[in-house]
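Notes follow once the structure below has been shown.
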Amino acid sequence: DLKKKTLFYAFFWSVLYTLSMNIPYYAMLFPENHAVLIKASLLSFIYGITMFYGIILIRIVSHIFITAIFFTSSVVFYFSLTYGYAQNKDMFALLLETNLHEAAGVFSPDILLFTGLSLLASWFAVKTLPLQENFKRRLSIFCALCLCCALFKPLLPVEIKGKHPMPFGYLSH
């Protein structure tokens with residue numbers, strides 16, 4: 001059944017994205033506060049499943065979105081873990097003011113590994129995109145997932161206000 005394949009696709013990639021990107025990011029931000037880490041991880045999973053399901057809706061450009069999300073997330077994730085920064089506007093302002101010499105200074109085999117693995121994952125995500133199905137049904141499921149995101153948002157602990165899960169955090173900044 002195509003509906004189940006589409007939901008499974010969004011579920012699978014959301015779990016993988018949450019485990020590989022968001023849980024380590026939140027663990028870096030809140031190493032001692034397990035309750036906040038669990039709530040943040042749950043919220044990032046719900047956001048992730050909604051994001052991946054939404055990407056399926058716009059299949060014509062989904063290949064570009066998936067590749068861009070995985071690639072940019074891996075770069076931001078690398079810098080967040082390496083330098084211990086939460087994603088914020090200052091981090092991106094510094095990035096825009098960086099010259100080629102400074103950028104070459106942070107180039108390392110680790111960032112190549114991060115981006116290489118993310119591009120490999122995005123290739124698998126693109127290759128496993130489910131086929132088209134009834135657009136109205138998919139749109140209604142997407143709206144229900146967006147409603148879930150809105151309903152879970154008030155449950156956010158005060159510690160993670162403004163620290164959105166990837167890729168929403170760095171895209172908003």
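Where a number appears in this text, it was derived from the coordinates with a stated rule and is not lab data. Remember, it's a predicted structure, so these values are computed and weren't measured experimentally.
Quick rundown of the values:
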quantity: Cα gyration tensor shape for the range 1-81, rounded if a/c is under 1.5, else prolate or oblate; calculated: oblate
quantity: Average Cα contact separation per residue, the range 1-59, under 8 Å, 6 or more apart, as relative contact order %; calculated: 52
